[in-house]
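Below you'll find the structure, written out as C-alpha cells, and then a few comments.
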Amino acid sequence: MSHVRGSIRSTESPAFLDGKKVQIVSSGCETHRAWARYWLSVQPRARSTNPRLVVQTRALEPINPHVEQGLVKTGITGVLAFLLAAAGYTDPVEAAERHGISNVRYEVTFDASTAPGRLIHVAMSFDVDDEQTVALSLPSWTPGSYQLDDFAKNVRNVSASLGSSEIRWDKSDFDTWRVYPTDAGRVTIEFDYRADQLDVGQAWAASDLAFFNGTNLFLYPEGQDLSFPSEIAFHTESDWGVATGLTSAGDGWEFTAQDYHELVDMPTFVGDFDMDSTQIDGTWYRLASYPVGALAGQPRATLWSQIEAMMPPMAAVTGDVPWDRYTTMTVFDEGFGGGSALEHSNSHLGVYHPGFIGTPTLASITAHEIFHAWNVKRIRPAQMWPYDYGRQMPTELLWVSEGITDYYADLALVRGGIVPAQGFYGLTQGKIGTVNNTVPVALEDASLSAWISPTDGTSSIYYPKGSLAGFMLDILIRDASDNEHSLDDVMKAMYEDAYEQGQGFTEQMWWDAVRSAANGRSFEQFHDAFIDGRDPFPWAEVLPLAGLEWIDETVDVARIGIATITDTSGIRVTQVVPGGSGAQAGVLPGDVLVEIGGIAAEDASFGARFRARFGNETAGTAYEIVVMRAGERVSLMTTLQFAEVSNSRIQEDSDASAKALRIREGLLTGSTGR
C-alpha cells in the first residue's frame, strides 16, 4: 500500500511529493480461534458483562504454518482437548467441516435504485445437506491495509431463506451471522452494505459508481476450508459496466474465483467510468478511471506511456509476469486530501486528488502498487501466509514488503526512463531527509507496530527507511560480488523458494539469500545495527561504493509561509504559517493565488519561480501578493523573509573508481557484470 499523506504542496520546498472488536489472541492456530468464537457465542452473560473480554489460547504442539486456514484436522490437543471433552464441547471446526457448504454463489447489485442510499446489495447462496447451523463471517481487514476495520459495522437489512421460505438467523459475535436451515437445500443470506468510505481498503459509492474490496462484502464459512470455489454475478444498469480482476465466466457480468483468497483479492468498479487497454510484452493491461473524463487526453496518454515504460524493468526482477491481465483502477475526487492506493494480485485501486493527474507522483504510486503484485501478494512473509481475515497479522518483515517495494518503484521510474538519474537521487535524498527527521526506530520494530499506528511520527517510517535499507543492500551486494549480483537475485530467490513452493518466506530465508548473492559476505552486523537496531545509516561509507557522494550544506531560501493545493479554481491556499510573509500580508486559507511578486501562480511551479526570482534580494524587500477571495481580486502587501534550510543532496562522484561506476550503472539500469 502507498500513501501520500495530503496533496498539499509546500511552496517552501523542492517539488517532491513525497481492535474495537473482541480480541481472540491465538498463536496462529485457527482451531483455537474458532473454539474461542464458539465459547464466546455460548456465553452471552460473559460477553455482555465484559465486552472487552480477551480469550487467550496457545498452541500446545507445533502446527504446520503452511496448512491452509481451516484445514487443521488434528483438533485441540493435550490438556485443552481433555477439558473441552469433559465439559461436553464439540470442536466447532470439525463440526463445521462435517456440515460444510457447497456451490457458493455471490450476487452483487449496484444500480440507480441503490445508489441514492449509497448501498450495495449482496446475496450469498449455497447448498447445505442437512439442518446444521452455518456460521458466516465478514473479514475484519483488507490485506495491504494494516488495520482492523471491522466491515460488519456497515451491514444492514439482513435476511435469510431456504428456497423461497424465510429461515431464522442471528449473530454469534459482532462479525459472524448464524443461519438455521430447516432442511437440506439452497440457503441464501442477503444484506445491504453501506458504501460511504472513500478509502482504498473500504467500499464507496457515488451516484454513478461503486467500488469495493471483496473483504468488504463477501462472507466466508467459519471453520471451513477457504479453498472453496465460487461464482460471482454483478447486476447494474444496462449502460454501466464492471471492472474487476476476477475471471470472466463469459456470460454478461458473471465471474468465477478458484478460492476465497482470490475472491476477496479483486477490487471492483461497478458503474459509469472510462476504461481502455493495451498489451505490454504480450500481457493485457487495463486502465479504469472515474469520473468519466477526469483522466483523459494527454494526461491519460502520459500515464499509459509511463506504465508501458515501468513494466519491463519490474518484470525483469523475477523474470516472470504471473498474471494474464492487470487492471489499474483510479478515482479522482476534489475532496480527497492526497493520494492513496492498495495492491492486489492482478490489480490495484487508487484514490487521488485531481492535482495528481499528470505528475510523476502518480507514476510513482502506480509503480509501487504494481510491484506489490510480486512483493507481498506473492513474495510474502511467512507470518502472513496464508491470510487470516479475522485477526491482526504482524510481521518484523513489513519493511521488506513495503519499503523494498518502494525502492523498486523508484528503480522502475529511472530504469524505465520516466525520471532521469537526478530524479532517482532526488527521491532517495528525500527519503533520507524523512528518516533523519523522524524519531530513531528499528525497522523490525516499526514493522511490528504498523497495526497500531504509533503517534510518535513513526507509523509509516518502514516505507522510506525500508526503501533506503534496500538501496544499501543493493549497493553492498553489488560491491561484494563485483557487480555480478544484486538485490534482484534476492527477490528472485524469494519468489522461487517461497512463493513458487506455496509458502511465505522467513527471516532466515531472506538473509541466507542476501548472503548468497553477496558471495558469502556476512550481514549479521548490518542486521543488528540497521534492521534490528537504530543506528543511523552510514551514507558516507556506502554511497562511494556506487560512485555517489552525500553533500550536506545549508542555504538561505526565500519563503512565503503558505501551503497550497491545486484544484479546479487554481492554486488554493490551505495553510498559512504564523509569522510568515503570507500571514503578514493577510493571506487566508481558501484564498486562490493569482500573483506573487509579479509571478503568475499558474501551476505548482510558482514556488520554485518565486525562489529563483527573489533568491538574491535582501530580507525586508516589499512585494505584492494578489489573491481571489469570495470572487473578488484582493491585493496584499508583505515583505521578503528568508529561512535557513538544509540543502543536503546525493550527487555523482567525479572521482569514482571503475568498479563504483559499474555499480552505479547497474543500479540505474538493472545491469550486472563487469
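The values are calculated or read from the model by the stated rules, or taken from the named source; none is laboratory data. Keep in mind that what you see is a predicted model, and the values were worked out from it rather than measured. We place every Cβ from the backbone using ideal geometry, glycine too, and count neighbours over all the protein chains shown. Only protein heavy atoms, including side chains, enter the accessible area calculation; ligands, DNA and RNA are left aside. Shrake-Rupley method; radii C 1.70, N 1.55, O 1.52, S 1.80 Å.
Karplus-derived 3J(HN,Hα) values for segment 404-411, using 6.51 cos²θ - 1.76 cosθ + 1.60 with θ = phi - 60°, are 5, 4, 5, 4, 5, 5, 5, 5 Hz; glycine and proline are entered as x.
For residue 171, the residues whose amide H sits under 5 Å from its own are 178, ignoring neighbours fewer than 5 places away on the same chain, with H placed 1.01 Å from N. Taking the Cα centre of segment 87-223 as origin and assigning +1 to Lys and Arg Cβ atoms and -1 to Asp and Glu Cβ atoms, the resulting dipole is close to 300 debye. Counting only residues at least eight positions apart within a chain, or on another chain, the aspartates and glutamates with an alpha carbon under 16 Å from that of residue 465 are 18, 396, 402, 406, 410, 444, 445, 456, 474, 528, 532, 535. Of 166, 402, the residue with the largest accessible area leads and the full order is 166, 402 (1.4 Å probe). Considering the options 498, 450, 468, tell which one lies farthest towards the positive end of the dipole of segment 425-505, charges being +1 on Lys and Arg and -1 on Asp and Glu at the Cβ, about the Cα centre. Sorting the options by dipole projection puts first 450.
Per-residue Karplus couplings for segment 542-557, computed as 6.51 cos²θ - 1.76 cosθ + 1.60 with θ equal to phi - 60°, are listed in order as 7, 4, x, 5, 10, x, 10, 9, 9, 9, 10, 8, 10, 9, 8, 10 Hz, Gly and Pro entered as x. Look at the dipole of the chain built from charges on Cβ: of 270, 434, 294, the Cα furthest out on the positive end belongs to 434. Spin-label model, residue 609/residue 103: points 7 Å from Cα along the beta carbon direction are separated by 6.8 nm. A cut-off of 5 Å between modelled amide H atoms, ignoring neighbours fewer than 5 places along the same chain, links residue 330 with 288, 289, 290, 350.
For every helix of n ≥ 4 consecutive DSSP H residues, a contribution of -39,500 (n - 2.57) applies; sum these over the chain, divide by its total residues, and give [θ] at 222 nm rounded to the nearest 500 deg cm²/dmol. Don't jump to the answer; show the numbers that get you there.
Values: 18 runs with 183 residues, N = 674.
Calculated at 222 nm, the ellipticity per residue is -8000 deg cm²/dmol.
For the set 236, 568, 669, 215, the ranking by accessible area, highest first and with no ligand, DNA or RNA atoms included, is 568, 669, 236, 215 under a 1.4 Å probe. In whole percent, what relative contact order does segment 515-616 give with Cα contacts below 8 Å and a gap of six or more residues? With pairs under 8 Å counted, the relative contact order is 17 percent. Only one residue of 137, 577, 257 has its Cα farthest out toward the positive end of the dipole of the chain, where Lys and Arg carry +1 and Asp and Glu -1 on Cβ, and that residue is 577.
For residue 648 and residue 524, a Förster radius of 35 Å and the Cβ-Cβ distance give a FRET efficiency of 0.70, rounded to the nearest 0.05.
Set the Förster distance to 41 Å, then compute FRET efficiency between residue 168 and residue 207 from the Cβ-Cβ distance, nearest 0.05.
Working: r = 37 Å, r/R0 = 0.89.
The computed FRET efficiency comes out at 0.65.
The orientation-averaged projection of the convex hull spanning the C-alpha atoms of segment 328-433 amounts to 8.0 square nanometres. Once all protein chains are placed together, residue 193 keeps about 0 Å² accessible to a 1.4 angstrom probe. Spin-label model, residue 308/residue 158: points 7 Å from Cα along the beta carbon direction are separated by 5.1 nm.
For the listed residue pairs 171/377; 377/492; 492/659, the alpha carbons are over 26 angstrom apart in 171/377.
Decide, for segment 421-528, between rounded, prolate and oblate: order the square roots of the alpha carbon gyration tensor eigenvalues as a ≥ b ≥ c, take rounded if a/c falls under 1.5, and otherwise choose prolate if a/b is larger than b/c, else oblate.
Numbers: a/c = 1.99, a/b = 1.32, b/c = 1.51.
Oblate is the answer for segment 421-528, as a/c is 1.5 or above yet b/c matches or exceeds a/b.
Between residue 459 and residue 584, full extension at 0.36 nm per residue minus the direct alpha carbon distance yields a gain of 41.5 nm.
Could you work out how much longer the chain between residue 622 and residue 567 gets when fully extended? Use 0.36 nm per residue separation minus the Cα distance between them, nm to one decimal.
Values: separation 55, 0.36 × 55 = 19.80 nm, distance 2.86 nm.
Length difference between fully extended and current span is 16.9 nm.
Our summary of shape: the Cα atoms of segment 250-369 have principal axis extents of 38, 33, 23 Å, ordered from largest down, in whole angstrom. Largest first, the residues 153, 492, 465 sort by 1.4 Å accessible area into 153, 492, 465. For segment 216-293, a crude dipole built from +1 on the beta carbon of Lys and Arg and -1 on the beta carbon of Asp and Glu, taken about the Cα centre, is about 120 debye to the nearest 20.
Taking the Cα centre of the chain as origin, sum charge times position over the Cβ atoms of Lys and Arg (+1) and Asp and Glu (-1), and report the length of that vector in debye to the nearest 20. Show your work: numbers first, answer last.
Numbers: 48 positive and 88 negative charges, 265 e Å.
Using Cβ point charges on Lys, Arg, Asp and Glu, the chain gives about 1280 debye.
Counting only Cα atoms, segment 523-618 measures 56, 30, 27 Å along its principal axes, largest extent leading. Label-to-label distance for residue 277 and residue 112 is 2.8 nm, based on points extended 7 Å past Cα in the beta-carbon direction. Our coupling estimate for segment 123-132, obtained by passing each phi through the Karplus curve with A = 6.51, B = -1.76, C = 1.60 and θ = phi - 60°, is 10, 10, 10, 6, 9, 10, 10, 7, 8, 5 Hz, Gly and Pro reported as x.
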